[in-house]
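Report on one structure; see the data block that follows.
The values are calculated or read from the model by the stated rules, or taken from the named source; none is laboratory data. Note that the structure is predicted; figures quoted are calculated from it, not measured. Cβ sites come from the backbone with ideal geometry, for glycine too, and all protein chains shown count toward neighbours. We work out accessible area using only protein heavy atoms, side chains counted, and drop any ligands, DNA or RNA first. Shrake-Rupley method; radii C 1.70, N 1.55, O 1.52, S 1.80 Å.
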2 protein chains.
Amino acid sequence: METIRLYFDKFIKLNDSEWADFEKCIVKANIAKNEQILKQGEHANFIAFIQEGSFRFFYDKEGEVKITAFFFKGDFVSNYRSFLTGKSSDHFIEAMQEAVIYKINLQELKSLYDKHKNIERLGRLIAENLYLSVANRLDSFLFQTPAERYKGLIERNSRLLQDIPQYMIASYLGVKPETLSRIRKRK
Amino acid sequence: METIRLYFDKFIKLNDSEWADFEKCIVKANIAKNEQILKQGEHANFIAFIQEGSFRFFYDKEGEVKITAFFFKGDFVSNYRSFLTGKSSDHFIEAMQEAVIYKINLQELKSLYDKHKNIERLGRLIAENLYLSVANRLDSFLFQTPAERYKGLIERNSRLLQDIPQYMIASYLGVKPETLSRIRKRK
DNA sequence: ATCACTTATTGACTTTGGTCAAGAACTATT
DNA sequence: AATAGTTCTTGACCAAAGTCAATAAGTGAT
């Protein structure tokens, strides 16, 4: 548990009493490859911190699969919209590799927000952080071509993308697998 | 000032002492049409609440103008990314009509976060709220055609879009004015 | 090593939106 | 009302990505 505390320290350093309460609400889970930690139609009543492994966040309507996000080691994983609004998720979250996560439940997090100002602040910092990720991703669609998005993605994440099939990367970039194949060839 | 308090009450009800401190940090400003409240290259050291009027959030590189967002009455307006990261803004924010806003300075907001737990919470709620807006906008690019984006936009905002020229709406939707003109014709 | 299965590439063709240019419609000012 | 300046529409053509189908390459299991 101390290893995960170091990760949270990057957001905010909790004192021992705050951390003790926080720790009580965290549940460690080992996730098998291809296991789904959230299904379409469920409410995302948790947010989880990834200690090891990676996840895909995808939408599946009548066999048409679209990958909206990848989550890697060190990221928070959830359907944050569903988490915030209480509405049911339109996406699945599925482990792409064996994974270790620390889950915290929505209700418990809310009472931690009430109890500790610093955890309330942690909640703000997480929200701001997630805002920045999604704003960056939106920008990549507003201002970049698929080829530029691909270039940026591999520059930032080449190692993590190593064992992700190309058709999933294509979906994440918003193009068809054939198109990504052609993008890769032409440079 | 009491009218604006009602708006903030929708996020969180501040008690009189919290509100008194909050109010001290708020600066009312009257903005002329076409006035820029943030310029490219500046750091967005404020966040503002719109009491009246509307703004466009746009990027201008060598005459190529792209509208990334509109902000209306009741919205918070800023370059939130620049606000959070401290980096300079790559966008302008410009009033499309005469406007009345309440600005709060970044440093002052930070000390309010330190002083009042409820304002810290307000900060979280604002961040969560802005997350949801940008996530919805990203979804509109991931899952919708330009025609669907247009339909959704006018359904949600028809009144507010009344006096915005079509070429700006096209830019917001990520298409050229000619294309929007054709979309409108074909239905 | 072989076979089955999944993933990636390639080619031919279609669809959608972009580009460029001309003209029509609208607005504001005198 | 006339003019100038925007904004919007339309047409002809172009470019980029999608679709469909065939084949190649890669992966795992026996």
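Tell me which of these B:GLU64 doesn't satisfy, since it passes every other one: (1) within 14 Å of another protein chain (Cβ to nearest Cβ); (2) modelled with pLDDT of 95 or more.
(2)
Taking B:VAL77 as meeting all but one of (1) open to solvent by 10 Å² or more (accessible area, probe 1.4 Å); (2) in contact with a Phe, Trp or Tyr (Cβ under 6 Å, 6 or more places away or on another chain), write down the number of the exception.
That leaves (1) as the condition not met.
Filter the strands (runs of 3 or more DSSP E) completely within the range B:1-56 down to those with at least 1 residues that are under 30 Å from B:TYR172 (Cβ atoms), touching a residue at least 60 places away in the same chain (Cβ under 8 Å) and under 13 Å from the mean Cα position of the chain (by Cα). Outline the logic, then answer.
On the way: elements: B:26-31, B:36-38, B:46-52.
The qualifying strands (runs of 3 or more DSSP E) are B:36-38, B:46-52.
Matching residues to (1) within 16 Å of DNA strand C (Cβ to nearest atom); (2) open to solvent by 20 Å² or more (accessible area, probe 1.4 Å); (3) closer than 26 Å to A:PHE141 by Cβ:
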site: B:THR68; (1), (2), (3): yes, no, yes
site: B:PHE83; (1), (2), (3): no, no, yes
site: B:GLN97; (1), (2), (3): yes, yes, no
site: B:PRO146; (1), (2), (3): yes, yes, yes
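For B:ARG124, all conditions in the list (1) over 27 Å from B:GLU2 (Cα atoms); (2) surrounded by 20 or more Cβ atoms within 10 Å (Cβ to Cβ); (3) touching a helix residue (DSSP H, G or I) at 6+ places or on another chain (Cβ under 8 Å) hold save one; what is the number of the exception?
Among (1) over 27 Å from B:GLU2 (Cα atoms); (2) surrounded by 20 or more Cβ atoms within 10 Å (Cβ to Cβ); (3) touching a helix residue (DSSP H, G or I) at 6+ places or on another chain (Cβ under 8 Å), B:ARG124 violates only (1).
Report yes if A:TYR59 is of a type in the set (Phe, Trp, Tyr), in a strand (DSSP E or B) and open to solvent by less than 20 Å² (accessible area, probe 1.4 Å), otherwise no. Walk me through it before giving the result.
Numbers: of a type in the set (Phe, Trp, Tyr): yes; in a strand (DSSP E or B): yes; open to solvent by less than 20 Å² (accessible area, probe 1.4 Å): no.
Considered against the rule, which asks whether it is of a type in the set (Phe, Trp, Tyr), in a strand (DSSP E or B) and open to solvent by less than 20 Å² (accessible area, probe 1.4 Å), A:TYR59 comes out as no.
Which pairs have Cβ atoms under 7 Å, sit 6 or more apart or on different chains, and link a residue in the range B:79-93 that is of a type in the set (A, V, I, L, M) to one that is outside any loop (DSSP other than H, G, I, E, B) and open to solvent by 50 Å² or more (accessible area, probe 1.4 Å)?
Once the first residue is of a type in the set (A, V, I, L, M) and sits in the range B:79-93, its partners that are outside any loop (DSSP other than H, G, I, E, B) and open to solvent by 50 Å² or more (accessible area, probe 1.4 Å) give B:ILE93/B:GLN36.
A quick yes/no check of all residues on (1) in contact (Cβ under 8 Å) with a residue 24 or more places away in the chain; (2) part of a loop (DSSP other than H, G, I, E, B); (3) within 13 Å of DNA strand C (Cβ to nearest atom):
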residue: A:VAL100; (1), (2), (3): yes, no, no
residue: A:TYR113; (1), (2), (3): no, no, no
residue: A:ALA135; (1), (2), (3): no, no, no
residue: A:LEU142; (1), (2), (3): no, no, yes
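If I filter the range B:82-96 for residues that are assigned to a strand (DSSP E or B) and more than 25 Å from A:GLN144 (Cβ to Cβ), do I get at least one hit? Full working, then the answer.
Initial filter on the range B:82-96 (assigned to a strand (DSSP E or B)): B:88, B:92-95.
Restricting the remaining residues to those that are more than 25 Å from A:GLN144 (Cβ to Cβ) gives B:95.
Scanning the range B:82-96, I find at least one residue that is assigned to a strand (DSSP E or B) and more than 25 Å from A:GLN144 (Cβ to Cβ), so the answer is yes.
Within the range A:166-175, track down each residue that is out of contact with any helix residue (DSSP H, G or I) (no Cβ under 6 Å at 6 or more places or on another chain) and near DNA strand D (Cβ under 9 Å from one of its atoms).
Of everything in the range A:166-175, just one residue is out of contact with any helix residue (DSSP H, G or I) (no Cβ under 6 Å at 6 or more places or on another chain) and near DNA strand D (Cβ under 9 Å from one of its atoms), namely A:GLY174.
Would you be able to say whether some residue in the range B:149-158 is away from DNA strand D (no atom under 15 Å from the Cβ) and either touching a residue at least 60 places away in the same chain (Cβ under 8 Å) or closer than 30 Å to B:PHE22 by Cα (or both)?
The answer is yes; a qualifying residue exists.
Which count do you get for residues in the range B:152-183 that are open to solvent by 60 Å² or more (accessible area, probe 1.4 Å), away from DNA strand C (no atom under 12 Å from the Cβ) and not acidic (Asp, Glu)?
Within the range B:152-183, residues that are open to solvent by 60 Å² or more (accessible area, probe 1.4 Å), away from DNA strand C (no atom under 12 Å from the Cβ) and not acidic (Asp, Glu) number 5.
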